[in-house]
1. If you take the residues in the stretch 343-370 that are of a type in the set (D, E, K, R) and open to solvent by 10 Å² or more (accessible area, probe 1.4 Å), which one is modelled with the lowest pLDDT?
2. Can you pull out every residue in the stretch 833-878 that is under 30 Å from Met369 (Cβ atoms) and open to solvent by 10 Å² or more (accessible area, probe 1.4 Å)?
3. Do we find a residue being in a helix (DSSP H, G or I), open to solvent by 50 Å² or more (accessible area, probe 1.4 Å), modelled with pLDDT of 75 or more and more than 22 Å from Ile884 (Cα to Cα) anywhere in the stretch 761-772?
4. Within the stretch 434-459, which residues are touching a Gly at 6+ places or on another chain (Cβ under 8 Å) and open to solvent by 70 Å² or more (accessible area, probe 1.4 Å)?
5. Condition first: under 24 Å from the mean Cα position of the chain (by Cα) and either free of Cβ contacts under 8 Å to residues at least 60 places away in the same chain or open to solvent by less than 40 Å² (accessible area, probe 1.4 Å) (or both). Can you find one or more residues in the stretch 516-526 that meet it?
6. If you scan the stretch 293-324, which residues turn out to be open to solvent by less than 10 Å² (accessible area, probe 1.4 Å) and hydroxyl-bearing (Ser, Thr, Tyr)?
7. Got a sec? Which of Thr431, Thr466 is in contact with a Ser or Thr (Cβ under 9 Å, 6 or more places away or on another chain), closer than 24 Å to Gly299 by Cβ and buried (at least 16 other Cβ atoms within 10 Å of the Cβ)?
Amino acid sequence: MLRLTFTARNHSQRTNSTFHKSTYIRRMIELPSTDKSTMYEAARTDDVLSDDDEDGVPLTRSAKKQRKPPVKGGSNFCVRHKGSICYIVLSLTIVIGASMYYKSKMRFGTENPKPDFHPPGWRDPMEENKNNRSPEPDLSSPVQSPPNDGNSDMGKEEWGYWKFYDGGADSRPEDDYCGKYENRDIPGDDFPENAWQTDAVYVNHFLDEALKLVDRTKEAIYAEYGAGEPLDDSKKERREAMFRVHLIDCDKASSDKDKQFAQVHGQTGWVCKESYLGLVRRLTHAIMTNDSFTVTMGGHSAAAGHGNHFLQSYTMQIALILTPLFEKLGVKFNARNLAHGGLGTLQSSLGSSDIYGSDTDFLIWDSAMTEGIDAFDVFLRQGMMMPRAPYVHSFHDVHGRKGSIHVDSYKKYHIDIGGGIGGDFKGFLKTTSEEVAASLPFSSRYLHCSDNVSALCKDPNHRYRTQCWIDRDDFTPKTGQKEVVGGRASWHPGFRYHQVQGRGITMLILSALETAFSNWSDITITNGHPLPDEEWHMTEYYSKIHAAVKNDKTMPCLKYFKDLSPRACSTSLNARTMFTPRANPDETSIRSIIAMPEGTQLNKIPPLLYEGDNVPNPMLMVPEGEIDVLKISKYQKRSLAMEIQKDDRVEDDGVSNRELTKARRDTQITPESNMWYHHSVRNGHCDGSLSSSTCHRQDGNSCLLSGHNDERSGIIGDSYSGWLVMNLKDVQEGLIIVKFQLWKNRNVVGGQAQVPPTEGMDKGERRFLRKLSNETSNKDEDYTFNEDDLFSDNVNHSVDLEYRFTKADPDDAIPDEFEFDFAIDGKVTTWNKKQILEKRQKLQRVVELFTLLDDEHWGEKRDVEVAIRSRGGGRVQTLDLTHIYWA
């Protein structure tokens, strides 16, 4: 089991909640995997049925609200309730139970009880916007969890299965009673009659089954790496090192160099003690309110999983295991891999709430290879201003030269923070030869090699497991398909490393769930049901973090943004972008805010080449005879296992109606937006989640089964394109920032800078563009620029965009006559070439930002029209708009 180790004796409290008392903290220290009975003991009460109860019997019954604590003095019912009344109550319980059993047989049959379990009040948070999104695939598709054979129940009896269902479901309230309150924080006294949260019998049975579910999932992960039961001394020692997370007393730590961090090494992680309790609280809230729980990752190409299938990336490995598990708990789990190859996180984190998703609860930063402390601070601060002020998991090296960003941020902002789980594979089985590798579990094979055979682990045939295409009856691609997924750079980990990293974070979340269930049981045994508000309400918790971040004036971001806008460090920004992946891709597209001339639209998004599920890919299947953690976590009483929720929307051509935005009638600037061009289009649903299997199903894709979402798309125009008009909703702080790619000049990147709608408009035009000097045009005239080279996984990311992949210096190539106009509510401002270069804030390689409005005295919130155009550059100099941010 995942071991959580304290590094300080005293517990520092940040709230008065009983949830944080040391009685319950002890549950985090270590739960011995050799004695499972102790794990369930705290969750059991006299009402909980044993494992031997007949499968057809409902495991719950309706119960009145238990507002008052039960009589103290022992857990046995007849001890607590002396006299003959004990036996009267027990007799009535038997009669009621028998009656419910009979009714369940009449309604469902003994072998076929209710087809699904969702706690009453369950809602799909995505359902409300169902009609406004691009089509998503059926996520019960085998490609997400390819079966080894047709026997889906194989191993159920060995591993156990989910037995719980609600026998009193007919009496539960049907409305979303939590949704009426901010952050779904319904007061305990406002739960309606018969709400499951107030039903002691329901909750006790549920917690018992939930603890078993978490335990068998963790045990399956250990078994997957050859450390399963039965345990001997060797396996126990290995478990001590695998997936270990150290609990740090960050209130006492002086910095990231504190001696407490000295033990964080190898395949281990760390988390501040109070932050772990914060994660437990977040999970409890999600379950108590039938809400969602979302993990979001921002990072670079290695984090994106380049070289592997998208589903093999560690973020998707988290999703594949936890989605069906959380569904049993009544929670909509989601995970988004929003990493970009060749870039960091800055362009996305500036608009975190929109781009990463306002529903994020667990935010991962994995961009140390491409970014420094300043960019991480922006990521951290904008993340903390998201509605749910998420737990942050950082892959900054606590032993590196990154300062004290983690401990300092924890102390200043009261945030939940942790990090790591990855390194030297201590505790994992080692490959010492080909023969030894063949004897190891598949997940351990070639994962960790001894020095004398390190080449075995580096061998691409062992490191990666991919296939770009499998023939299907209904479609044959015109674009030739590669044999394997591209991106096999030396620093890109293979699928086994991604799986280990995903399992490590999964184990952290599973342990937090374990703590949550045990605490819930302990507290309600003495306090009654429902669980007291102070144990799970989040509104005040979020507000405290938001206020601390917004009021801090000492952050590194202020220096980083001194010429952009320091206010962007303490103001949550809205954003629209053409980069993918992104959360809610239709709503967060720049296309959704463009005002088009009547009856026109931007170039269409190409239709999907084929519809439906992909053919099951053997490269994504667990080999026969190996431990399948996903299958084990799905096991339940019924033969029909709960699958990832199916989306019943009908697929269209991949174009959302929301994107066909028409011009406002009161437009200040006449829009000519149809003369702009959406380049590098990706069709399908590209949100970086398990829902994104249709992303990039279009001609030109030479690896249709790779699944990767990341693309650097934009809206590009030249001096013939006229005004691009956009409507920004609810501008309140008077702050508007845009991200352009000015280097897309025809003399710099060749054909990559073309704007098809203006083709032919420069015929006969006077050649007013100055000739490039010899020193800036020394490339071969036949040189062809490939933008993929610029963002390639093989580029040294410390190299600036100058001569390496371009025909000329980008700044020098901008014509002297070039001008940029922008209008805010009809008021036009013009920058010449010199002013453009002065106003530009080049904070990272190819990340060029421009502040169009920074008015601290803006006044009331209102909608704003923003228009942009260029002049004096012909069809040679272009503007490539990729992001717009505002507040």
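1. Among those residues, the one meeting the criterion is Asp366.
2. Leu837, Lys839, Arg840, Gln841, Lys842, Leu843, Gln844, Arg845, Thr851
3. no
4. Scanning the stretch 434-459 gives no hits.
5. Yes, the stretch 516-526 contains at least one residue that is under 24 Å from the mean Cα position of the chain (by Cα) and either free of Cβ contacts under 8 Å to residues at least 60 places away in the same chain or open to solvent by less than 40 Å² (accessible area, probe 1.4 Å) (or both).
6. Within the stretch 293-324, Thr294, Thr296, Ser301, Ser313, Tyr314, Thr315 qualify.
7. Thr466
Listed here are the residues, each with its yes/no results for (1) open to solvent by 10 Å² or more (accessible area, probe 1.4 Å); (2) touching a His at 6+ places or on another chain (Cβ under 7 Å); (3) modelled with pLDDT under 70; (4) part of a loop (DSSP other than H, G, I, E, B).
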{"site": "Ile715", "(1), (2), (3), (4)": "no, yes, no, no"}
{"site": "Ser719", "(1), (2), (3), (4)": "yes, no, no, yes"}
{"site": "Gly750", "(1), (2), (3), (4)": "yes, no, no, no"}
{"site": "Tyr783", "(1), (2), (3), (4)": "yes, no, yes, yes"}
{"site": "Ser798", "(1), (2), (3), (4)": "yes, no, yes, yes"}
{"site": "Ala808", "(1), (2), (3), (4)": "no, no, no, yes"}
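The values are calculated or read from the model by the stated rules, or taken from the named source; none is laboratory data. Please read all numbers here as calculations on a predicted model, not as lab measurements. Don't worry about glycine lacking a Cβ; one is built from the backbone with ideal geometry, like all the others, and counts go over all protein chains shown. All accessible areas refer to the heavy atoms of the entire protein, side chains included, with ligands and DNA or RNA removed. Shrake-Rupley method; radii C 1.70, N 1.55, O 1.52, S 1.80 Å.
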